[in-house]
Every structure is written in structure tokens, then in C-alpha cells.
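Structure first, commentary second.
The values are calculated or read from the model by the stated rules, or taken from the named source; none is laboratory data. Nothing here was measured: the structure is a model prediction, and the numbers come from that model. Methodologically, a virtual Cβ is constructed for each residue, glycine included, from the backbone with ideal geometry; neighbour enumeration extends over all protein chains shown.
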Amino acid sequence: MKETPLSNCERRFLLRAIEEKKRLDGRQTYDYRNIRISFGTDYGCCIVELGKTRVLGQVSCELVSPKLNRATEGILFFNLELSQMAAPAFEPGRQSDLLVKLNRLLERCLRNSKCIDTESLCVVAGEKVWQIRVDLHLLNHDGNIIDAASIAAIVALCHFRRPDVSVQGDEVTLYTPEERDPVPLSIHHMPICVSFAFFQQGTYLLVDPNEREERVMDGLLVIAMNKHREICTIQSSGGIMLLKDQVLRCSKIAGVKVAEITELILKALENDQKVRKEGGKFGFAESIANQRITAFKMEKAPIDTSDVEEKAEEIIAEAEPPSEVVSTPVLWTPGTAQIGEGVENSWGDLEESEKEDDEGGGDEAIILDSIKMDTGVEVSDIGSQDAPIILSDSEEEEMIILEPDKNPKKIRTQTTSAKQEKAPSKKPVKRRKKKRAAN
Amino acid sequence: MEEEMHTDAKIRAEIGTGCSPRGPGCSLRHFACEQNLLSRPDGSASFLQGDTSVLAGVYGPAEVKVSKEIFNKATLEVILRPKIGLPGVAEKSRERLIRNTCEAVVLGTLHPRTSITVVLQVVSDAGSLLACCLNAACMALVDAGVPMRALFCGVTCALDSDGTLVLDPTSKQEKEARAVLTFALDSVERKLLMSSTKGLYSDSELQQCLAAAQAASQHVFRFYRESLQRRYSKS
């Protein structure tokens with residue numbers, strides 16, 4: 001679906017409000033929306049909600065051969081998908097620009113910053129390494145996808161546990177989660193992206209723009225930082241010209257925000273860890289708030305299936321027995337077989353069909369028509385017999401063209417050559433050929 | 001009396017046994033559903049069956065591309081996205097099954113030359129995925145206000161090697177089962193809308209599974225009704 005254009009009055013309204021330091025949802029200039037992190041039952045699965053923007057993240061691992069030029073390092077693979085439910089404009093093939101930009105930014109933020117220790121993912125140097133795959137799905141687009149996605153990615157990576165592996169000489173043993181507890185990934189630091197939207201050629205700045213604000217912004221500055229105040233990635237898009245002190249100010253703000261967000265993430269991870277250890281209930285079912293009127297839960301429901309057998313027997317007894325189907329296979333040529341007769345030929349009377357053919361094609365058309373009708377006729381004869389019938393597949397070019405209402409007397413061959421010899425054909429057919437030649 | 005049956009069923013479910021077609025003891029896992037949780041789609045629902053969770057979003061009736069428009073009814077499209085990796089043939093086949101079910105119930109003739117898109121995202125898969133997708137799709141269509149002639153639900157049964165019937169199987173039960181059958185049933189007369197089966201079973205077992213699924217669907221439809229009653233209780 002095409003994106004609904006933003007009306008001029010809405011655009012002006014938003015810009016005027018920003019000039020007066022007001023935001024439509026009542027936030028201050030540097031305020032983030034509420035961040036909510038929930039975990040699933042599998043390790044490495046999380047849903048992050050940044051206001052109404054929702055991202056699902058899942059980490060999975062696989063043992064693969066390493067890249068040739070990095071034989072002792074594991075492989076990281078990031079994939080952010082803009083699901084079609086996130087916005088009506090996200091159709092496959094329509095969002096490629098935005099998708100590429102987001103994916104690239106995410107890769108730079110997580111891979112190039114070396115936040116994950118890839119050396120620890122090596123199992124057998126040069127042969128087997130872990131490939132860690134992070135799949136992010138945007139479920140609802142309400143602005144600032146990159147922040148939500150980076151939080152989801154880092155939370156999922158911190159939450160993930162990979163199976164334990166032990167190497168003894170040449171033997172590599174992979175333990176299932178039941179045999180040995182899975183092992184967390186080794187993560188050095190947590191880079192988190194913070195977005196700044198600029199309006200009126202850099203005069204006004206907003207942190208964490210929502211969808212409407214993103215539509216009217218002039219440019220976007222994304223700074224990825226960790227809690228040690230190290231900048232991992234910085235990107236400015238939209239063509240706005242920023243002054244040095246503006247960028248420095250933004251990085252200071254980013255430092256503060258990242259510290260808050262990192263604390264939130266660590267608390268969420270710790271809570272989940274505690275619940276799992278104590279054996280309590282965890283997973284998405286628990287994160288559905290009970291008090292919401294739109295949410296409803298039902299406990300395990302027993303089903304009485306005691307009369308199932310009787311019902312089934314009744315139905316089978318009342319039903320008609322299945323019709324007897326006799327299938328006699330017919331082998332036309334090696335590799336082409338036919339079972340059954342198919343429905344009646346609904347192409348109508350083919351001899352009268354007004355096909356526009358040139359001379360060469362004219363003959364072919366006639367022959368083809370006859371062959372098709374032959375099929376219909378021959379099968380009915382064959383159907384009454386029991387043994388499979390093998391038709392001659394000799395290479396002779398002799399063809400007999402038959403009338404549709406007569407029984408086949410001779411077996412005809414499949415001609416694949418373009419040049420067809422004029423077989424001794426019956427007179428009516430010849431006449432037809434002449435007619436077409438005249439045409 | 002009901003409470004006793006409840007706890008009994010819980011204990012039996014905990015042990016992980018199925019039930020013989022003769023005795024009661026099959027149970028559906030814990031259900032949860034949340035509607036209208038996404039702000040952009042016209043309708044959305046998250047359906048949880050035990051640990052299996054599917055999120056559905058519906059857009060429609062909306063603009064349709066000229067190449068896909070049907071002159072006298074709505075074009076229904078279903079998109080299913082797996083959690084890990086790119087969508088493959090299994091997703092395509094499930095999309096088709098869900099689309100056929102939806103087309104049978106949605107009153108497309110009320111909105112000709114429009115499109116109704118159902119997008120499903122697998123949030124976690126712990127068995128009975130197709131049934132959970134069908135349930136989520138139905139709840140999302142209801143939330144979007146798409147006119148339908150009936151509600152529909154999905155129920156999965158698994159038959160293990162000695163013919164024991166298990167309703168709403170977990171992934172472990174599905175893997176060890178001899179046959180896994182999923183049925184989509186409508187709410188008016190509990191008739192069969194769609195069936196997708198995998199494995200070996202006799203025709204009497206098929207009828208037994210279908211009868212069991214029909215009994216289970218009553219619970220699912222009661223769940224739908226109660227959740228909607230709750231939702232519209234304050235208006």
C-alpha cells in the first residue's frame with residue numbers, strides 16, 4: 001500500500017509545536033519513551049517495546065566452517081526485517097532503501113564495535129566455528145526503529161545461551177541442553193544507538209523521534225555508544241549541516257541516555273535469570289498484563305473425549321463405502337506413463353477449429369489435433385484390458401492421421417523432428433491441407 | 001466437581017501422558033490472547049497456546065494493486081513469517097492453508113476490489129503451530145472488524161504409536177507421534193473448514209481425531225466469546 005502522505009497542516013502543526021518546545025505526546029526534548037523488555041521461553045528470544053514501536057529479536061547458533069581469511073573466528077550474522085504488519089507501506093520490494101540503511105547501521109554498531117568476542121566462538125580452528133545469527137523483526141512502526149532494534153539485538157545476545165562444546169584432541173562433543181547447561185556468549189560491552197532528529201536546519205533537536213516527528217524532520221543523527229562512553233558508530237543522514245559543538249552536545253546526551261538504558265537492560269536480564277532459577281513461570285504468557293481489558297487467559301482445559309470412538313464408528317457406518325478405483329497404468333514411452341482416463345476432452349471439435357497457422361505449422365497443427373483425439377479414443381480401448389500396454393517407440397516417421405470416430409488401426413509414433421514427412425494420409429485431410437495452403 | 005477434574009487434568013498433563021480415546025484426560029494447554037496490541041495494523045492479536053505464541057496483524061479492507069484485484073470480492077492475502085531465517089516452502093504451504101480457511105469465512109463480497117492482508121509472525125514455536133496461527137488470525141480479523149460468516153479455530157491432534165490421542169501436542173509429542181492432524185473448524189456448526197495431516201493413520205482414527213477436535217473447539221470458541229465479552233464489558 002502506498003504510504004498516506006502527511007498533510008500540510010499536520011506538518012506545520014508539528015513544526016510549530018517543536019519550535020515552542022512542545023511534543024505531541026507530552027515528552028520533554030531529551031526524554032525517551034517507555035522501554036519495556038520481555039523475554040520468551042527460549043533463550044535468546046525477546047520483545048522490546050519503545051513506546052509503541054515493537055521489535056522481536058531471536059538469536060540462534062549453528063556450527064559451520066569458518067571464513068577462509070578468518071579461520072579462528074566465529075561468524076556473526078544480523079538480519080533486521082521490516083514485517084508487513086509494522087506499517088502498511090512496508091511491502092516486499094518497496095522498503096529497500098530504509099531496510100539497507102537500518103541493516104548497515106546495525107551491523108556497524110554491533111559487528112565493527114567488536115562487542116562480541118568472536119574468538120571464543122571458535123571450536124576447531126579452520127574447521128568448525130559457531131555462526132551466531134540475530135534475527136530482528138519489526139512488529140509495529142511508531143518511529144525510531146534503529147534504537148529499538150539495537151536494544152533488542154543486544155538484549156537477545158546477552159540472553160542467549162549456546163550449547164556447550166568440549167574438544168578432546170580430535171574429538172568434538174556437542175552437549176544437548178539436557179546434558180550440560182548451555183553457555184552464555186562472551187560480550188565485552190553493550191553498544192546502544194541513540195537517535196537525534198533535527199528540525200529547521202539544525203535549530204531544534206529531539207531525542208527519540210516518534211513516527212510523526214520522523215516524517216517532518218530534516219535530518220537524523222545516530223550515535224551508538226556503550227556505558228563506558230565509547231562511541232561505537234556515528235551516522236548523520238538527511239544532509240543537515242551540524243556544528244561541532246552540536247555533535248559534541250549530542251554525544252553527551254547520548255552518554256546519559258545509554259547509561260539509563262543499560263541499567264534497564266541489566267535489571268531486566270537479572271529479573272529473568274532469577275525467575276528461571278527459582279523455577280517460576282517465565283515467557284511471553286507472563287508478560288501479558290492481567291489487568292488489561294484486551295487480554296484474557298484460560299488455564300489448561302480438560303476435554304472429554306470418551307465418546308469419540310462411538311461417534312467415529314457411527315460416522316463410518318453411515319458413510320458410503322469409497323468408490324472402487326481401478327487404475328491400470330499405460331506406458332506411452334519410457335518416462336511417460338498414464339494412470340486413469342482424465343475428464344472428457346473439453347476442447348470441442350478440434351477439426352473445425354480456426355487456428356491461424358502458416359504452411360509449416362499447418363501440418364503440425366493437424367497432426368497434433370489428431371494425436372490429441374487419438375489419446376481419447378485409444379485409452380477407452382485400453383482401459384478394458386489388464387496388462388500395461390507399451391506402444392511402439394520406433395523411430396519410423398510414418399504417421400497415420402485418423403478420423404476421431406474411427407477405432408485406431410495403426411499405432412502412431414511421437415514425432416519430434418521439425419520436418420515431417422508427408423505420411424500417406426487420407427484424402428479429407430489432404431484437402432484440408434490444401435485449403436490452408438491456399439489461405 | 002469441575003475443580004477436581006481441573007486438577008486431575010493438570011496433574012495428568014504435567015506427567016505428559018495423552019489419553020486413550022476411551023477415557024477422559026486430553027487437555028488443551030494454557031491459552032492467552034491479547035487483542036489490539038499494535039497501533040499501526042487495523043486489527044491485531046497475540047495468541048498463546050502453552051509456549052507457542054503467534055502474533056497476527058490485519059490490514060483491511062484496503063487499497064489493492066490493480067493486478068491483484070478481483071472485481072466482485074476482496075482479495076485475501078496471508079503472510080506467515082518464521083522467527084529464524086527466510087520464509088521457505090513450509091511457510092508458503094501454511095499460508096495457503098490459512099488463506100483457504102479465511103476465504104471460506106470472510107464475507108469478501110461486501111468489499112469488492114479491496115485487499116485484506118493477514119500478517120502472521122511466529123513468536124515462539126512449541127508445538128501446534130498451525131492451529132495457533134489460525135486462532136491468532138481469527139482473533140485479529142475480529143479485532144479489525146472484518147465481516148465474517150463464522151469464527152474459526154484450529155485444533156491439532158497427535159496420534160502416537162499405540163493409537164493414543166493427544167490434543168494440542170507439544171513439539172516433543174509431535175516429533176514422537178505417528179501422525180499429526182490439524183483441523184480448522186467453524187463456530188456455527190463445528191464443520192470442517194480445513195485439514196492438514198502428516199503421517200500414517202486409519203480412517204477410523206481420522207474420524208476419532210475429528211470428533212475430538214470438535215469437542216476441543218467448543219472450549220476454544222468459549223475462550224473467544226469470554227475474551228470478547230471481557231473486552232466489550234465496559235462501553
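A:GLN201 meets the conditions (1) polar (S, T, N, Q); (2) loosely packed, with under 15 Cβ neighbours inside 10 Å; (3) not in a loop (DSSP other than H, G, I, E, B) in every case but one. The failed one is (3).
Each residue in segment A:37-80 was checked for being within 12 Å of chain B (Cβ to nearest Cβ) and either in a strand (DSSP E or B) or acidic (Asp, Glu) (or both), and 19 of them qualify.
When A:GLU119 is tested against (1) more than 30 Å from B:SER39 (Cα to Cα); (2) buried (at least 16 other Cβ atoms within 10 Å of the Cβ), only condition (2) is not met.
All conditions in (1) farther than 17 Å from A:ARG161 by Cα; (2) out of contact with any His (no Cβ under 7 Å at 6 or more places or on another chain); (3) polar (S, T, N, Q) hold for A:THR53, with the sole exception of (2). Those residues that are farther than 17 Å from B:LEU97 by Cα and of a type outside the set (Val, Ile, Thr), I need them from segment B:117-138; list them, please. Once the filter is applied, which keeps residues that are farther than 17 Å from B:LEU97 by Cα and of a type outside the set (Val, Ile, Thr), segment B:117-138 yields B:SER124, B:ASP125, B:ALA126, B:GLY127. Here segment A:81-111 is the region considered, the condition is being assigned to a loop (DSSP other than H, G, I, E, B) and of a type in the set (S, T, N, Q), and the residue that is surrounded by the fewest Cβ atoms within 10 Å (Cβ to Cβ) is A:GLN95. Every listed requirement among (1) in contact with a Lys or Arg (Cβ under 9 Å, 6 or more places away or on another chain); (2) at pLDDT 95 or above is met by A:CYS122 save one, (2). The C-beta contact set for segment A:264-288 (first residue closer than 26 Å to A:ILE192 by Cβ, second residue of a type in the set (Lys, Arg), distance under 7 angstrom, 6+ apart or interchain) comprises A:PHE282/A:ARG276. Just checking, does segment A:246-256 include any residue being away from chain B (no Cβ under 14 Å), within 30 Å of A:ASN103 (Cα to Cα) and in contact with a Gly (Cβ under 8 Å, 6 or more places away or on another chain)? Checked segment A:246-256: at least one residue is away from chain B (no Cβ under 14 Å), within 30 Å of A:ASN103 (Cα to Cα) and in contact with a Gly (Cβ under 8 Å, 6 or more places away or on another chain). Residue-level analysis places B:GLY154 outside the set of residues that are at pLDDT 95 or above, more than 13 Å from chain A (Cβ to nearest Cβ) and on the phi > 0 side of the Ramachandran plot. Residues of segment B:131-139 include none that is within 23 Å of A:GLY40 (Cα to Cα) and assigned to a strand (DSSP E or B). Whether any residue in segment B:75-87 is at positive phi, assigned to a strand (DSSP E or B) and either within 13 Å of chain A (Cβ to nearest Cβ) or without any contact (Cβ under 8 Å) to a residue 40 or more places away in the chain (or both) is what I want to check. Within segment B:75-87, not a single residue is at positive phi, assigned to a strand (DSSP E or B) and either within 13 Å of chain A (Cβ to nearest Cβ) or without any contact (Cβ under 8 Å) to a residue 40 or more places away in the chain (or both). Here B:ALA32, B:ALA56 are screened, and the one residue that is crowded, with 20+ Cβ neighbours inside 10 Å, within 11 Å of chain A (Cβ to nearest Cβ), more than 29 Å from A:LYS2 (Cβ to Cβ) and under 17 Å from the mean Cα position of the chain (by Cα) is B:ALA32. Looking at the structure I just gave you, is A:LYS297 within 14 Å of chain B (Cβ to nearest Cβ), of a type in the set (D, E, K, R), part of a loop (DSSP other than H, G, I, E, B) and out of contact with any Leu (no Cβ under 7 Å at 6 or more places or on another chain)? So A:LYS297 fails the test. Within segment B:168-191, the presence of a residue that is crowded, with 21+ Cβ neighbours inside 10 Å, within 12 Å of chain A (Cβ to nearest Cβ) and more than 16 Å from the chain's Cα centre (by Cα) is excluded. When you look at B:ALA184, is it touching a residue at least 60 places away in the same chain (Cβ under 8 Å), assigned to a strand (DSSP E or B) and not basic (Lys, Arg), yes or no? Yes: the conditions hold for B:ALA184. Here the condition is being within 14 Å of A:PHE78 (Cβ to Cβ) and surrounded by fewer than 20 Cβ atoms within 10 Å (Cβ to Cβ); of A:GLN131, A:GLN168, it holds for A:GLN131 alone. Tell me the residue from A:GLU314, A:GLU320 that is within 14 Å of another protein chain (Cβ to nearest Cβ) and over 19 Å from B:GLN214 (Cα atoms), please. Testing whether each residue is within 14 Å of another protein chain (Cβ to nearest Cβ) and over 19 Å from B:GLN214 (Cα atoms) leaves just A:GLU320. Could you say whether any residue in segment B:44-61 is modelled with pLDDT under 90 and not hydrophobic (A, V, I, L, M, F, W, C)? Yes - at least one qualifying residue is present in segment B:44-61.
Is there a residue in segment A:28-47 that is surrounded by 21 or more Cβ atoms within 10 Å (Cβ to Cβ) and small (Gly, Ala, Ser)? Within segment A:28-47, one or more residues are surrounded by 21 or more Cβ atoms within 10 Å (Cβ to Cβ) and small (Gly, Ala, Ser).
Taking the conditions (1) surrounded by 13 or more Cβ atoms within 10 Å (Cβ to Cβ); (2) within 14 Å of another protein chain (Cβ to nearest Cβ); (3) without any contact (Cβ under 8 Å) to a residue 40 or more places away in the chain in turn, A:GLN291 satisfies each one other than (1).
The residue that is farthest from A:LEU110 (Cα to Cα), among those in segment A:218-230 that are surrounded by 15 or more Cβ atoms within 10 Å (Cβ to Cβ) and over 31 Å from the mean Cα position of the chain (by Cα), is A:ASP218.
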